[in-house]
């Protein structure tokens with residue numbers, strides 16, 4: 001999903017929820033605006049300078065920006081439930097969420113969303129995510145997925 005030299009590759013998840021890579025260019029932000037995106041949720045951890053620039057670009061177009069960092073060991077930050085809640089809050093229209101490439105951390109969030117809201121079987125959500133993942137050696141994300149799914153299944 002690396003989009004250097006091209007416009008942002010945006011994926012539709014559900015209703016007013018979109019996801020992908022970090023917007024880089026004015027064309028990327030214009031594309032988000034054309035979709036009616038009202039909020040951007042940035043889950044990158046180490047791109048503070050880029051996040052500040054993104055916030056300013058979004059503000060120029062009237063798009064709200066929120067950074068909720070999620071590293072490759074999401075259990076440490078504890079932000080996954082917050083991010084998932086923000087996706088479904090519906091307060092202010094369509095939302096676009098992203099990490100850097102839109103594959104690893106965002107892929108985890110998409111897989112968890114599909115289980116929770118579409119009733120996907122965990123194994124199917126996991127294999128779909130892994131088929132699209134950029135870095136398959138991110139054990140912290142895998143571990144979090146199965147811990148989250150296990151905790152959820154214990155509540156039923």
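The values are calculated or read from the model by the stated rules, or taken from the named source; none is laboratory data. These figures come from a predicted structure and were not determined experimentally. As a convention, Cβ positions derive from the backbone with ideal geometry for all residues, glycine included, and neighbour counts pool all protein chains shown.
Among 141, 87, which is the only one that is in contact with a helix residue (DSSP H, G or I) (Cβ under 7 Å, 6 or more places away or on another chain), part of a helix (DSSP H, G or I), farther than 21 Å from residue 17 by Cα and at pLDDT 75 or above?
On inspection, the qualifying residue turns out to be 141.
Consider only pairs whose beta carbons are under 9 Å apart and that are at least six residues apart or on different chains; among these, list those whose first residue lies in the range 71-98 and is on the phi > 0 side of the Ramachandran plot and surrounded by fewer than 17 Cβ atoms within 10 Å (Cβ to Cβ) and whose second residue is part of a loop (DSSP other than H, G, I, E, B) and modelled with pLDDT of 80 or more.
So the pair list comes out as 90/15; 90/16; 92/38; 93/16; 93/36; 93/37; 93/38.
One line per residue, one yes/no per condition, for (1) surrounded by fewer than 18 Cβ atoms within 10 Å (Cβ to Cβ); (2) over 20 Å from residue 10 (Cα atoms); (3) in contact with a helix residue (DSSP H, G or I) (Cβ under 8 Å, 6 or more places away or on another chain):
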site	(1), (2), (3)
42	no, no, yes
56	yes, yes, no
68	yes, no, yes
107	no, no, yes
126	no, yes, yes
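Among (1) in contact with a strand residue (DSSP E or B) (Cβ under 9 Å, 6 or more places away or on another chain); (2) closer than 11 Å to residue 96 by Cα, there is one condition residue 36 misses while meeting the rest; what is its number?
Unmet for residue 36, out of (1) in contact with a strand residue (DSSP E or B) (Cβ under 9 Å, 6 or more places away or on another chain); (2) closer than 11 Å to residue 96 by Cα: (1).
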